[in-house]
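> The following block contains the structure, expressed as structure tokens.
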Amino acid sequence: MPSDQHVRPLGTVGIWAPSSLWAQEGDQLPEAVVELAELGFGTIWLGNGPDMFDLAATALAATERITVATGIVNIWVHSSADVAEAYHQAEKRSPGRLLLGIGNGPREPAQWTLSPYRELTQYLDHLDAAGVPAEGRILAAVGPRMLALSAARSRGAHPFLITPDHTASARTALGPGPLLAPEQKVVLETDPTTARAIARQALDFYLTKRGYATNLRRLGFTDDDLAHGGSDRLIDATVAWGDPDTVLARITEHHQAGADHVAIQLLTWQTDTPDRTKRRLPRAEYRQLAEALARGEA
């Protein structure tokens, strides 16, 4: 079990991408992870997928410098026993460097009658019993009840599809101690029509999901904002689009609102090719963002 002293910090900015995108790097995945570490990104986030822990093991072995986080382990898909085993295996090889992002993802119809909150608390109970410490996990939390749970039962919160205003309210709800690591969607494109079209392609899936829609309404968006992949107002609030310095300004907003770490998800890979099997991590864009971040720190 790691102590607080040797749990690896996440750094101020990390890279979030679907597990399928990390997997499609194939033999080049270790090289990509090493480059991201050298560019100064503190953490890579692996979206949910059946092979996420195999990918995590490969990423952890590639370098001793970067933290690997799951974003997220879907409790309806991954058993607590399997997750605990993966965590302990990672601790043996790379102590303190695997952070378990855990939450409620898509589920089967047979599970619809179950309470997501109750199932998640029981899942955390099982992880406790299996020796997975609270500082080794972070919860996907956006609403007040889940934020409170993340503060009480984990290292902190990993909100998804939110705004800097949400980050500010989440920090107030969490208090000063817990980790706050929001995900921020990014499109490196300065043409408004093109940028918003790319963003809508990504957001359309999420806006039909009850949890995300409820949180966005809580932030002041209307049903009209949620329709057809999102209004311009919603897109502009939830997706940072423009040149690297414009994106950096949005990341800074999150930090000023109380975020400890911002996990940036580049969306332009979705339009690189219609063949999903040929899509790759947007490494050239990661380099552009790293340059902007370095300028901002100078």
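The values are calculated or read from the model by the stated rules, or taken from the named source; none is laboratory data. Just so it is clear, the structure is predicted and the values come from calculations on it, not from any experiment. Using ideal geometry, Cβ is built from the backbone for each residue, glycine included, and neighbour counts are taken over all protein chains shown.
> Looking for something closer than 15 Å to G229 by Cα and out of contact with any strand residue (DSSP E or B) (no Cβ under 9 Å at 6 or more places or on another chain) - is there at least one such residue anywhere in the stretch 181-199?
Yes, the stretch 181-199 has at least one match.
> Filter the stretch 178-231 for residues that are loosely packed, with under 13 Cβ neighbours inside 10 Å, of a type in the set (S, T, N, Q) and touching a residue at least 24 places away in the same chain (Cβ under 8 Å) and give the result.
Answer for the stretch 178-231, where residues must be loosely packed, with under 13 Cβ neighbours inside 10 Å, of a type in the set (S, T, N, Q) and touching a residue at least 24 places away in the same chain (Cβ under 8 Å): T190, T214.
> Take S94 and tell me if it is in contact with a His (Cβ under 7 Å, 6 or more places away or on another chain), hydroxyl-bearing (S, T, Y) and surrounded by 14 or more Cβ atoms within 10 Å (Cβ to Cβ).
It is false that S94 is in contact with a His (Cβ under 7 Å, 6 or more places away or on another chain), hydroxyl-bearing (S, T, Y) and surrounded by 14 or more Cβ atoms within 10 Å (Cβ to Cβ).
> Another one. Of the residues T268, T252, only one is over 21 Å from E35 (Cα atoms) and either modelled with pLDDT of 95 or more or among the polar types (S, T, N, Q) (or both); which?
Within the list T268, T252, the selection yields T252.
> Suppose we keep only residues that are part of a helix (DSSP H, G or I) and acidic (D, E) within the stretch 27-79. Which one would you say is farthest from Q184 (Cα to Cα)?
D27
> Out of all the residues in the stretch 198-256, which are among the β-branched types (V, I, T) and part of a strand (DSSP E or B)?
Correct list: V239 only.
> Okay, moving on. Taking the stretch 52-71, which residues are touching a residue at least 40 places away in the same chain (Cβ under 8 Å) and surrounded by fewer than 18 Cβ atoms within 10 Å (Cβ to Cβ)?
Selection gives nothing.
> In this structure, is I162 crowded, with 16+ Cβ neighbours inside 10 Å and within 15 Å of I72 (Cβ to Cβ)?
yes
> For the stretch 195-220, which residues satisfy the criterion of being in contact with a helix residue (DSSP H, G or I) (Cβ under 9 Å, 6 or more places away or on another chain), more than 30 Å from G11 (Cβ to Cβ) and polar (S, T, N, Q)?
Passing the criteria: only T208.
> Here is a check on your reading of the model: is A249 surrounded by 15 or more Cβ atoms within 10 Å (Cβ to Cβ), of a type in the set (A, V, I, L, M), under 29 Å from A292 (Cα atoms) and without any contact (Cβ under 8 Å) to a residue 24 or more places away in the chain?
When the stated conditions are applied, A249 does not pass them.
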